[in-house]
Amino acid sequence: MLTSHDVGQRVSVRRRVEGGLTDVLGHLLDVTGDHLDVLSNGAVLSLQTADVTAAKVVPPATPRRGWEVPSVSADAMQRICWAGWPARETERLGDWALRAHDGITGRANSAMAVGDPGRPVPEALRQVASWYAGRGLPPLLQLPLADPANLVMADEGWPRLHVTVVQVAPIAAVLTALPDRPDLRSVVEPVPSADWLALMHDLDTGDPEAHVAILTGPDRVGFATLYRGDEPVGIGRVSVEGVWAGVTSVDVAPPARREGIGSAVMGTLLRWAAGHGAASSYLQVRAGNPAALRLYDALGYVTHHPYGYRAPAG
């Protein structure tokens, strides 16, 4: 049976269902006394352990021809994602990166706890807590679910919060699968326009300028706005770091949802990124966002690794 040591790994689970047995293949997100949570085909499945007849860790999926991306570790991928979402203040703790940006977004205000902090993990956790307390921020950690440090952190009273999934796909293959949308007009700009900001659902209204500073932080970044006539109907952002393009902030105007606007935004972003030297793309999706997971699964994105956040209990 799978244990907490296997969280974050790709697994195969056979379980009983009405009429026989079925197999579930995906990434293990959690293990409890009575169920396993597995991310499979764009959905998080809660599998009752009483129904499980066999379960094991399996190798990463082999991409089909034409869908290969560069092979990078989960730690390296976390650092690539960091480059696309830079914080105003960063300090190193060994390999860890302590990041702060006025409390705006968890990614920019958490310690990226990948690699060796240069001291025992319990001591590193105390230093993280002190560093964030000195800035009036709650201490927060970000690390891949498969990192063994998770077990130590849990023992030290830092329970896991929500889970985010890093997904990847080659740009050329995704673009081939996207339909043309001649009914839409697209504009890509180096900074977010007023129309773009108006459609961003999670813009920090308390300090929008600080939020925009994160969005515009990378050296190469584009902000796409899609229009139907003169009406903005979708937005997205992409940053380019070497051969990688990071897609974030894809939003669709509520009246235009379920019309393929999100896919059209992706096409605009990826074409812009390819023109700036990127060949592969990544995005980060909350495991609890099934609509986004279904969209990206339909476009051919696959899970690279899941990561989670941890904070001190209480």
Close pairs from region 171-189: first without any contact (Cβ under 8 Å) to a residue 40 or more places away in the chain, partner of a type outside the set (Lys, Arg), Cβ under 7 Å, at least 6 apart
Glu189/Phe223
Residues to consider are Val212, Val191; find the one that is open to solvent by 70 Å² or more (accessible area, probe 1.4 Å), β-branched (Val, Ile, Thr) and more than 30 Å from Val31 (Cα to Cα).
Val191
Is there a residue in region 137-151 that is under 11 Å from Arg310 (Cβ atoms), in contact with a strand residue (DSSP E or B) (Cβ under 9 Å, 6 or more places away or on another chain) and small (Gly, Ala, Ser)?
yes
Can you confirm whether region 116-126 contains a residue that is small (Gly, Ala, Ser), crowded, with 17+ Cβ neighbours inside 10 Å and within 20 Å of His162 (Cβ to Cβ)?
no
Scan region 173-186 and give yes if some residue there is closer than 17 Å to Pro254 by Cα, open to solvent by 50 Å² or more (accessible area, probe 1.4 Å) and hydrophobic (A, V, I, L, M, F, W, C), otherwise no.
no
If Ala54 satisfies all but one of (1) small (Gly, Ala, Ser); (2) under 22 Å from the mean Cα position of the chain (by Cα); (3) open to solvent by 30 Å² or more (accessible area, probe 1.4 Å), what's the number of the condition it fails?
(2)
Taking region 135-155 and keeping only residues that are charged (D, E, K, R) and surrounded by fewer than 16 Cβ atoms within 10 Å (Cβ to Cβ), one is left with Arg135, Asp155
Given the criterion within 19 Å of Gly134 (Cβ to Cβ) and touching a residue at least 12 places away in the same chain (Cβ under 8 Å), identify the matching residue among Ala97, Ala43.
Ala97
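Can you name the residue in region 1-23 that is in contact with a Ser or Thr (Cβ under 7 Å, 6 or more places away or on another chain) and surrounded by fewer than 19 Cβ atoms within 10 Å (Cβ to Cβ) and is also nearest to Asp155 (Cα to Cα) among such residues?
Per the stated criteria, the residue is Arg14.
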Those residues of region 238-281 which are more than 17 Å from Tyr301 (Cβ to Cβ), outside any helix (DSSP H, G or I) and not small (Gly, Ala, Ser), in sequence order
Val240, Glu241, Asp251, Val252, Arg257, Arg258, Glu259, His276
Looking at region 266-284, is at least one residue open to solvent by less than 40 Å² (accessible area, probe 1.4 Å), out of contact with any strand residue (DSSP E or B) (no Cβ under 6 Å at 6 or more places or on another chain), more than 30 Å from Pro59 (Cβ to Cβ) and at pLDDT 95 or above?
yes
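The values are calculated or read from the model by the stated rules, or taken from the named source; none is laboratory data. None of the values given here were measured: they were computed from a predicted structure. Here the Cβ is made from the backbone with ideal geometry for all residues, glycine too, and neighbour counts use every protein chain on show. Ligands, DNA and RNA are excluded from the accessible area calculation, which covers all protein heavy atoms including side chains. Shrake-Rupley method; radii C 1.70, N 1.55, O 1.52, S 1.80 Å.
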